[in-house]
Amino acid sequence: MIEVIHFTKHYGDFVAVEDLSFSIGKGETFGFIGPNGAGKSTTIRFLATLLRPTAGEGRVAGYSVTAEPMSVRRVIGFMPDDFGVYDGMKVWEFLDFFAVAYEIPRSYRKKIIGEVLDLLDLTHKRDDYVNGLSKGMKQRLCLAKTLVHDPPVLILDEPASGLDPRARLEMKALLNELRQMGKTILISSHILSELSDFCTSIGIIERGKLLAAGSIVDIQQQIRSHRVLKVRVLDESTEKAAELLRQDQAIRLVETYDHTLNAEFEGQDQDMARLLDRLIQNGIVVQSFAEEPLSLEDVFMMITKGIVS
């Protein structure tokens, strides 16, 4: 659905983005991660047809970003990191304005606006003035206006920027609902906790260069050559459990503390099941047994420190 091909953008001698390439499949939620000034917004503005590249190309839903910008605009919903509102305009009028811009027939606009307001839980604000809304409600309204033409692709630049913790959780729930509706979503953020249980794939950018892109699992495997098992036992059998694990050829190292064991593991899922069965068969009372994943914060820090080229 989205493809960026050797995108480069220069501002005079300053290189904002250099030779960026990645792709996002239909129905994926792609987290575009990087610090402020890394090149996220520049790339997003290019995909939204608001910025011409110095070099490179992009495609959205099969349309060329540079050669077919109007077609691209019809299939995307773009939410910028900052947007203005119109004084004296009510919420429904704001959405109606964008519905007209997308050439939605008058006979359908009232129904569509009602559905979008309901989806974004803004029905009770329908007749409120836009400039009187809270920051969180304005963010919801901006997301609502990106949906009035039911685009298959959403491009969201820091959608939770400036929101309080409650509003962030509400925004995250809304984005999860859009993902479940089958939308293809590109979402940028420098707050990694927002994306950790939301995205199916990520791209990490710093100083205009893409350092890694792909599924979260694949990138984690690139960074860490082994998996880590975290085992917690209930009784006084921690050392016995550690010894059983150390005897297995799939285990490299075992560390213990209190009733918890961390084991470096080189094996497949069936080996993991075998290890659990071995512990139980030897009388170990296992409270929990699971692979310990890397957090997005861990992934980002390890990649940007040059552990993975």
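What follows is calculated from the coordinates using simple rules that are stated; it is not laboratory data. These numbers come from a predicted model, not from an experiment. Positions of Cβ are generated from backbone atoms using ideal geometry, with glycine treated the same way; all protein chains shown enter the neighbour counts.
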* Could you tell me what percent of the DSSP beta bridges with both partners in the chain are antiparallel, to the nearest 5? => 70 percent
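Hand me the trypsin sites (Lys or Arg not before Pro) from segment 3-90 located in a DSSP loop with no more than 12 other Cβ atoms within 10 Å, in residue order please.
Lys26
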* Within the set Lys9/Lys209; Lys9/Lys138; Lys110/Lys138, which residue pairs have Cα atoms separated by over 23 Å? -> Lys9/Lys138
* Structure fact -> From DSSP H assignment alone, runs of 4+ in the chain each adding -39500 (n - 2.57), the sum over residues rounded to the nearest 500 puts [θ] at 222 nm at -10500 deg cm²/dmol
* Regarding segment 73-180, what are the three Cα extents along the principal axes, ordered largest first, in Å? -> 39, 31, 22
* Can you give me the three principal axis dimensions of the chain from its C-alpha atoms, in Å, biggest first? => 72, 49, 30
